[in-house]
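Laboratory data are not the source of any read-out in this text; all were calculated from the coordinates shown. The structure displayed is predicted, hence computed values, not measured ones. Positions of Cβ are generated from backbone atoms using ideal geometry, with glycine treated the same way; all protein chains shown enter the neighbour counts.
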Amino acid sequence: MTKAFQKLVEKSKAHLEQIQSKPRVRISIDLSGLAAGALDILNTFKDEVSANKLDVTISEVGGLGLNYAEPLVDIQNPGGPRVFYNNVTPDQVPSLVREHLIEGNPVLSGAMAVETRDPSLDIPTLTELPMMKGQVRIALRNAGHIDPSDILDYIAAGGYNGLNKGLFEMEPSAVQEEVAKSGLRGRGGAAFPTATKWRFLMGSPGPIKYILGNCEEGDPGAFNDKGILEGDPHTLLEGMILAGYATGASNGIVFIRHGHDTPIERTRKAIAQAYANNLLGENILGSDFSFDVEVSLVGESYVSGEETALMESIEGKRAMPRYRPPFPAAYGVWGKPSNINNIKTLAYVPEIVSRGGEWFTTIGTEKSKGTAILCLSGTIERPGMIEVPMGMTIREAVEKLGGGVPGGKPVKLLQTGGPLGGVLRGDKIDIPLDFDAMAAAGAILGSGGIIVGDDTVCAVDLARLLVAFCQYESCGKCFPCRLGTTHLLQILDRICDFKAQPGDLDLMRQLGNDMQVGSLCGHGQLGFNPIKSSIEYFPDEFAAVIEEKRWPTKNYFPDFFMPDRAKRNQQTETFSSLRRA
Amino acid sequence: MTTTLQMVTINIDGKEIQTKTGSMVLEAAIEAGIYIPYLCYHPGMKPFAACRMCVVQEEVEVEVDRDGETVKEKQLRPAAASCTLPVREGMVIRSASDQLRSLQKGIMEMLISEHPHGCLTCHRVDLCGPEDICQRHVSVNDRCVTCPKNERCEFKDTVRFLGMDLNSQLSYEVRTPEIEVFDPFYDRDYNLCIVCGRCVRVCEEIRGDSAITFVERAGKALVGTSKGTSLLESGCEFCGACLDVCPVGALVERKHKWDKAEKIVRSTCSNCSVGCQLNLEVNKREKVIRAIPEINAPANRGQACYMGKFGLEYVNHKDRLKHPLIRRKGQLEKATWDEAIALVAEKFSNTKGTEFASIGSARNTNESAYMLQKFARVVMESNNVDIDSNTRPSLGKVLYDALGYAGSTNPIWDLKHSQCILVVDSNVTEEHNVLAVPIKQASKAGTAKLIVIDSREVELTRYADVWIKPRPSTTLILLAGILKFVIDQGLTDEKFVSQNTLGFDEMTKSLAEFTLENVETVTGVPKKHISDVATMFAGSNASSIVYALDNVETEGQHDQVAAMANLALVTGNIGKPSTGLYALRRGTNEQGATDLGCVPDMLPGYVDVQDASSRAPFEATWDCKLPAKPGLGIKEILKSARDGKIKSLFMLGGGDSYEGEDLLDSLANIDFLVVHDAFLSPAAQQADVVLPATTFADEDGTYTSLERRVQLLNKAILPPNVNAKPAWQLIVDLTKVMDVRGFEFQNTSEVFAEAASFAKDIYGGISHARLIKEAILTLRPDATFPQPTQLLESDRVSKGIQWPCGNDSQPSQEILYSDGFPNGKANLLPLKATTKPAVSSFEKPLVLVPGRILADDDRNVDVERIEFVNTVTRDELIKLHSTDARTLGLKHGDPVEVVTVSQTIQGKVHLDEDTHQGTVTVTQLFGQFATNLQQSEEPDPMAKISGLLIEPVNLKKL
């Protein structure tokens, strides 16, 4: 351990001890927490604490992924158990403060779990919770536990160890080899071997090279990249710096969608702190390696998550994909060699470097190593974000961890990997979480979103919803996508208005084929997937709507859904106005 | 840097093709005459890969397992866009498989579903008129015959090529944005747009303007301005490049919008000295209806400007003079050519010698200019001959003295690869527009540092890395300061100076006064800026200087050019690619006219009139005695005329290119004035005899551009009822009547041959025949079926010849002095100037420094629609130094009126400490200028555009 890092570690230990000497309240302020009203809880806690003149650390942490339990608060007195309270309401707060913080008695009625078993309390431990059981948390190891805006908290939890090891004990090529050994594959959707991608960049000359961390994450039903940035932004930074070191890159850009305020804020703060502690900038920790990171924001455009569109966006242009070749490793941002990785991919790197690639291969399947970070939503008992080893079946993830469809009803369909991933019939639920196995079943793991639908969901209407998304989010550059998605939506619209014309299904297939063959980027190439898979798996429902002119299920979206920008902005404003300094 | 172009062989549809490495399959196919449909690709621009129409399949050999045996099998790869598919040696491409055709038809079907298409498949479409009754009940809006691009539409061609049947199940839904018709010069009908993005890309990538962009997204994606504003405020320079690339009828010239071309004639633009090659489209009533810049022309590479695209209407104008006029009893009356010529011949015969003067037009061809000076010298025995635009003869003459040739040293597009471009006192974007294109490209690409020295804010100042704003009339002192700094700091190219130049010490001595301190005091430019610019210029590997002499007082012009030539020489920036000096000549053919002796002191080929031995061959051939005293230049002619010393004046053109106020006053004193002009211009109205002239579109001959390129004019139209003669013809006829020998020319190529025989060193190897012969056949697809408009461009393209070209076998000389200087060494010219400004116009109470830029991002621009025309109605900012404002008792925000001789501007006082004391700065928008041009009642407004003149001004508080 280098002196510089040693100093940081000691400082962080002292910092941790100081925090542990006082009562600590952790409130998960992340997307789902905010949606569930966590800001109210935070404010009420602050009010109560100051009213009672208590010396308490209130930390805004990221989420544990237990979205069903939000707002989630955990309280720990020095020496006492760390107790998690689920679905906290503001009127519960005074009693929690009084009883747990002041009197030191955990409030059993609202408690969901404790961190470590406490014989005096009849509460399960966190890992015993059904949603936590079976999880292997690597990228999410710190989320919900550490204060994401406190670099010392991260270092105290073992953070930047991997960086220290990489910089001072390993050659850049050794870091790359370690990642190669781990078998890590890209988590953005294409599942390309990360080390190979890095090698392309290593081969490109030039003093200026970029590592891009992609958190555009525009998929409905995916929030794990944001989750990582909210819960543990330093793990991404550490991964990026290591990627930069391994590939000889000089700059990093974290690319986040505008409007994701918490991830943006926390990442920016983390970057500032990393600079302040010489973990970024010139001669990191006294080594020869220098690396800079900045945050780049993008407007609301799904396609800007596509790697070349992302580069256009960073350059300040309209986010439209470029053609390839030249590939980003040769001609990327500002024409400089660039490497794009998903946030999740980079978040694995610190642990892989510090624990060795070998260790990573012990988790997962033969060709899909490590864990899958899934976002469960839809009609599911316990929505949230989980990290499970590859190879677990979707059934296990959805039914055991996620609790299945409420009321024990069967899963009718799954929508995986974002809107372009299409739908999967419920009886396919036994396929393992494995890039190749899922591809074989006609689905993609993609960004890790799994939306569960029960028997009330109409496959035709869902297809229309998904196509509407694809259409709205098409950048408008290449003709097959711009026009194809528009026509697909028009046809589905008339089908849903019971005005289908003969041959509409074939017409859609023809359009879909042209889009797949002709489109410039993945958006158009995969844009027909939702319809294709719906028609394949649920032909009866299409027949019902087209021929019998009736809805096959009770539940469909009567008002056609389109993302409404004005409303969303209003909502964001409300969140910000709720926040107090 | 030399790149060796390697060739590769690929096979497309069974045809072997040789092509360059690095090119794309589509480019290779186009070169080889194989047609692959495309809509978004356009030659000269980077591929965009959006339309996906140019898909091809690559045939590859793969090893497959057949019953345990490995066999090689040919397979087709998935479809790929050929515009972005790089060629590889041995590549085998299929471009016409059923699968590809099906995809192409699929895409077209989708496009058709939002594009008016009623006539696309109708067999009658060629016979049908817009108002005919359609038996298919196609509504008017849906008809191709009502589209301005009908039969020029690439979209329609593609439909025909693919043999589309239009029984589509897709629902037909056209967009209905309003047609934009309120901006100058062209209409935008986005109902017809297919969103190929060519216009957006040409504007950004080629022109560097980004005046238009994509708006909205997904199915709604269209083209527009970024904030939905008018083009007046979006930064449009009205160059028309977007029109030239638009494949459909979305963007079209407003004038002659629906006219159909009967023939297309290539010619050289008459509106400035860049030498753009234009394809003039002519309708059946002999009118030039459109000008499409030639994409393979070396001078303009497919680009034109507002003057070339929209400023040629004068050739069709109804006010063209149709017959000669003779003044009888004070009135100009219709006359025959014979009468007029007889009268002129008689009068001229009586006023030979110094009482006679002649003024040529900058738009005259080389042939006419040569004939005019020959007529003046041989017949009229007078050296009083000049070109109306030639008010700053130093522009080229100093180059002659310093380097050996009076012309720009390098070709225009060399600027693109220059690493440092110094632009001095010139408004390139407005006056030599296409020359600004490579400058802007280099600046935008970041490969060149752009330094602009100008008191005025012009368009290039917005691109400049450094904009130096000296006090008016002090540019020379600034340049001398830069030169001195370069020499003092040892930033010179010593080897180049010692091997190639003379007079270094003397020149250095003449700079003693120009210390940074002195220069700063006089010019108002901080020392640091001067040293920075000097270091930047001398430090780059290839620096170029682009200069005019806008607003430079006559006294300082010689030294200013000398300072720049010296700067280029001492830094070794001469004779190499992407270096050199660009003299921006104001007049269209000022270069050629000067080359061929249409100036008072030089005979054709830069032969000094005072040198008896050089004169001898002329006298021998022409069989006469030539006047040995240099004649009067344009300014002196007019001055002498005012003083009554000129009795008769022969004037070609209306003096449109003359920059000065004294023209008409001077002409009033002439006893016998002959004006040969296409219109009854103010000068012609004062004439005793008016002779109708042809325009560039109805004559042939040659122009020599500012890059020394001799290019052909081709007669495009024969205006009905216009009985006009080109100047050379007029002189032939006139001399016949005057009974003078030696003018019996049948055509321009004979005239040119004689001119070239005198200007042997530079024109000797050039002839009309050679210019025609050396045209390069640009192969485009074999358009047997059907003929897509994309292919119409295929033709023989003349590249012109850049002089010096001494004999038939000498090739065009792109870069001067690459093999040394004609006189052995170049001369470093000592400066006579002192640090006192030549004429301190800024010592007058106040001078106006006008500026004009394309877009003003920092200010709100009010655009109002006045009678269907967008008009800028904003309060101008009248920028003043606070000291001056105090003296005048003005406060920030006070409404004031700026009154000069030529204009009145109202606006609000804006205190600005960057403004030099004694100057009033007003920067207006180009958009308003464009509106004014479009609305002008003049038959030929673009010919009379005066530069941005710095003039004395009165400020009135309102």
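Looking only at the stretch A:1-43, which residues have a backbone nitrogen under 15 Å from a spot 7 Å from the Cα of A:Asp55 in the C-beta direction?
Within reach of a label on A:Asp55: A:17-24.
Distance between Cα centroids, the stretch B:910-946 to the stretch B:94-173: provide it in whole Å.
Each part reduced to its Cα centre gives a spacing of 45 Å.
Give me the one-decimal nm value for the distance between modelled label points at A:Arg509 and B:Gln935, 7 Å along each residue's Cα-to-Cβ direction.
6.2 nm
How well do other chains shield peptide A:510-521, expressed as the mean number of their Cβ atoms within 10 Å of each residue Cβ? Before the final figure, lay out each step's value.
Working: counts 5, 5, 0, 4, 9, 5, 1, 10, 11, 1, 7, 1.
What the average comes to for A:510-521 is 5.
Within the stretch B:749-775, what residues put their amide N at less than 12 Å from the label point 7 Å along the Cα-to-Cβ vector of B:Asp808?
Under cut-off, by backbone N: B:765-767, B:769-770.
For the modelled label position 7 Å from the Cα of B:Lys832 along Cα-to-Cβ, which residues of the stretch B:636-665 have backbone nitrogen atoms closer than 18 Å?
Of the residues in the stretch B:636-665, B:636 have backbone N under 18 Å from the label point off B:Lys832.
Applying 1/(1 + (r/R0)^6) with R0 = 41 Å to the Cβ-Cβ distance of B:Val71 and B:Thr121, what FRET efficiency is obtained, to the nearest 0.05?
Working from the Cβ atoms, E equals 0.35.
If I model a spin label at A:Glu547 and B:Leu222 as a point 7 Å from the Cα along the Cα→Cβ vector, what separation in nanometres do I get?
Each label point lies 7 Å from its Cα, and together they span 4.2 nm.
If each residue of separation counts as 0.36 nm, what is the full-extension length gain between B:Glu346 and B:Glu494 once their alpha-carbon separation is subtracted? Don't skip to the end; give the middle numbers.
Working: separation 148, 0.36 × 148 = 53.28 nm, distance 6.16 nm.
Computed gain between B:Glu346 and B:Glu494 is 47.1 nm.
Which shape class, rounded, prolate or oblate, goes with the stretch A:22-128 when its Cα gyration tensor gives a ≥ b ≥ c as root eigenvalues, a/c under 1.5 marks rounded, and past that a/b bigger than b/c marks prolate? Don't skip to the answer; put the middle values down first.
Working: a/c = 1.65, a/b = 1.04, b/c = 1.59.
Oblate, since a/c reaches 1.5 and b/c is not below a/b.
Evaluate the relative contact order of the stretch B:1-133 (contact order divided by residue number), counting alpha-carbon pairs under 8 angstrom at least 6 apart; express in whole percent. Each step should come with its number before you reach the end.
Working: 182 pairs, mean separation 35.2, N = 133.
Answer for the stretch B:1-133 is 26 percent.
Against the longest principal axis of chain B, how steep is helix B:433-445, in degrees 0 to 90 to the nearest 10, with axes from Cα atoms?
In chain B, helix B:433-445 runs at an angle near 60 degrees to the longest axis.
What does the charge dipole of chain B about its Cα centre add up to, to the nearest 20 debye, if the Cβ of each Lys and Arg holds +1 and the Cβ of each Asp and Glu holds -1?
Numbers: 104 positive and 129 negative charges, 89 e Å.
I would put it at about 420 debye.
Can you tell me how much longer the chain between A:Glu300 and A:Lys554 gets when fully stretched, taken as 0.36 nm per residue apart minus their C-alpha distance, in nm with one decimal? Mind dumping the intermediate values first?
Details: separation 254, 0.36 × 254 = 91.44 nm, distance 3.29 nm.
Going from the current span to full extension adds 88.1 nm.
Arrange the peptides A:246-258, A:464-476 so that the one whose residues have, on average, the most other Cβ atoms within 10 Å appears first. Kindly include the intermediate steps, with their values, before the conclusion.
Numbers: A:246-258: 22.7, A:464-476: 24.5.
Result, highest mean Cβ count within 10 Å first: A:464-476, A:246-258.
Quick one: check the C-alpha center-to-center distance for the stretch A:248-316 versus the stretch B:591-614, whole angstrom.
67 Å
Can you give the Rg and Dmax of chain B based on its C-alpha atoms, in angstrom?
29.7, 109
Calculate, in nm to one decimal, what B:Lys760 and B:Gln906 gain on full extension: separation in residues at 0.36 nm each, minus their alpha carbon distance. Before the final figure, lay out each step's value.
Numbers: separation 146, 0.36 × 146 = 52.56 nm, distance 5.49 nm.
47.1 nm is the gain from fully extending B:Lys760 to B:Gln906.
Apply the a/c threshold of 1.5 to the C-alpha gyration tensor of the protein assembly as shown and tell me whether it is rounded, prolate or oblate. Let's see the in-between values first.
Numbers: a/c = 2.36, a/b = 1.81, b/c = 1.30.
Prolate.
Among B:299-312, A:167-180, what's the highest-first ranking by average C-beta atoms within 10 angstrom per residue? Kindly include the intermediate steps, with their values, before the conclusion.
Working: B:299-312: 25.9, A:167-180: 18.6.
Most protected by this proxy first, the peptides run B:299-312, A:167-180.
About its Cα centre, how strong a charge dipole does the protein assembly as shown have in debye, to the nearest 20, once Lys and Arg get +1 and Asp and Glu get -1 at the Cβ?
Details: 162 positive and 199 negative charges, 101 e Å.
Around 480 debye, computed over the protein assembly as shown.
In a Debye calculation with equal point scatterers on the alpha-carbon sites of chain A and no solvent, what is log10 I(q)/I(0) at q = 0.10, 0.11, 0.12 Å⁻¹?
Once normalised to I(0) and log-transformed, intensities are -0.87, -1.05, -1.23.
What is the average number of partner chain Cβ atoms found within 10 Å of a Cβ in B:101-113?
Average neighbour count from other chains, rounded to a whole number: 4.
Mind jotting down the distance between the C-alpha centroids of the stretch B:739-753 and the stretch B:7-64, whole Å?
The stretch B:7-64 and the stretch B:739-753 have Cα centres spaced 51 Å from each other.
So what is the relative contact order for the stretch A:377-515, in percent, with contacts set as C-alpha pairs under 8 Å and at least six apart?
Numbers: 190 pairs, mean separation 28.8, N = 139.
Contact order relative to length: 21 percent.
Take the Cβ-Cβ distance between B:Arg642 and B:Lys891 as r, set R0 to 45 Å, and report the resulting FRET efficiency rounded to the nearest 0.05. It would help to have the intermediate numbers written out before the result.
On the way: r = 44 Å, r/R0 = 0.98.
Efficiency, from the Cβ-Cβ distance: 0.55.
Could you tell me what percent of the DSSP beta bridges with both partners in chain B are antiparallel, to the nearest 5?
Numbers: 72 of 122 bridges.
Among the beta bridges of chain B, antiparallel pairing accounts for roughly 60 percent.
Over the stretch A:22-128, what is the relative contact order in percent, taking alpha-carbon pairs closer than 8 angstrom and at least six residues apart? Show your work: numbers first, answer last.
Details: 187 pairs, mean separation 28.2, N = 107.
Once divided by the residue count of the stretch A:22-128, the mean separation gives 26 percent.
Roughly what would the spin-label model give for A:Val107 and B:Asp662, points 7 Å off Cα along C-beta, in nm?
With each label point 7 Å from Cα toward Cβ, the separation is 9.8 nm.
Assuming R0 = 60 Å, what is the FRET efficiency of B:Leu626 and B:Glu63, from their Cβ-Cβ distance, to the nearest 0.05? Mind showing how you got there, number by number?
Working: r = 84 Å, r/R0 = 1.41.
About 0.10, to the nearest 0.05.
What is the mean number of Cβ atoms from other protein chains located within 10 Å of the Cβ atom of each residue in peptide A:200-213, rounded to a whole number? Intermediate values should be presented prior to the final figure.
Values: counts 0, 0, 0, 0, 0, 0, 0, 0, 0, 0, 0, 0, 0, 0.
Per-residue shielding by partner chains comes out at 0.
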